[in-house]
Amino acid sequence: MPYTLEVCVDSVASALAAKRGGADRLELCADLIIGGTTPSLALVRQVKAETGLPVRALLRPRFGDFFGRHQRNERSARRSGRC
């Protein structure tokens, strides 16, 4: 059974290390120390350009649970379409 190795990263350096380690896909986050938040658009673009791997960005605008105001969730979703 084939598998996909997705590695959670928070920087270009960790993304490149994950690629060297055999990652097939990256989950890109910011602020992993607090559980992860949405990375900047610039970081998403840089990681995609430098690794050549598929990148999935975490959509989580703040620390804490994933519940939030509807408007905030829509804004995050719109921003993700710019990647």
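Bear in mind that the values in this text are calculations on the coordinates, not laboratory data. All of these numbers come straight from a predicted model, not from anything done at the bench. With ideal geometry, Cβ positions are generated from the backbone for all residues, glycine too; neighbour counts draw on all protein chains shown.
Neighbours of residue 19, meaning other residues whose beta-carbon lies under 11 angstrom from its beta-carbon, give a summed charge of 0 when Lys and Arg score +1 and Asp and Glu score -1. Here the Karplus relation 6.51 cos²θ - 1.76 cosθ + 1.60, evaluated at θ = phi - 60°, turns the backbone of the stretch 18-31 into coupling constants of 5, 4, 4, x, x, 4, 9, 7, 10, 9, 9, 9, 10, 6 Hz, with x for every Gly and Pro.
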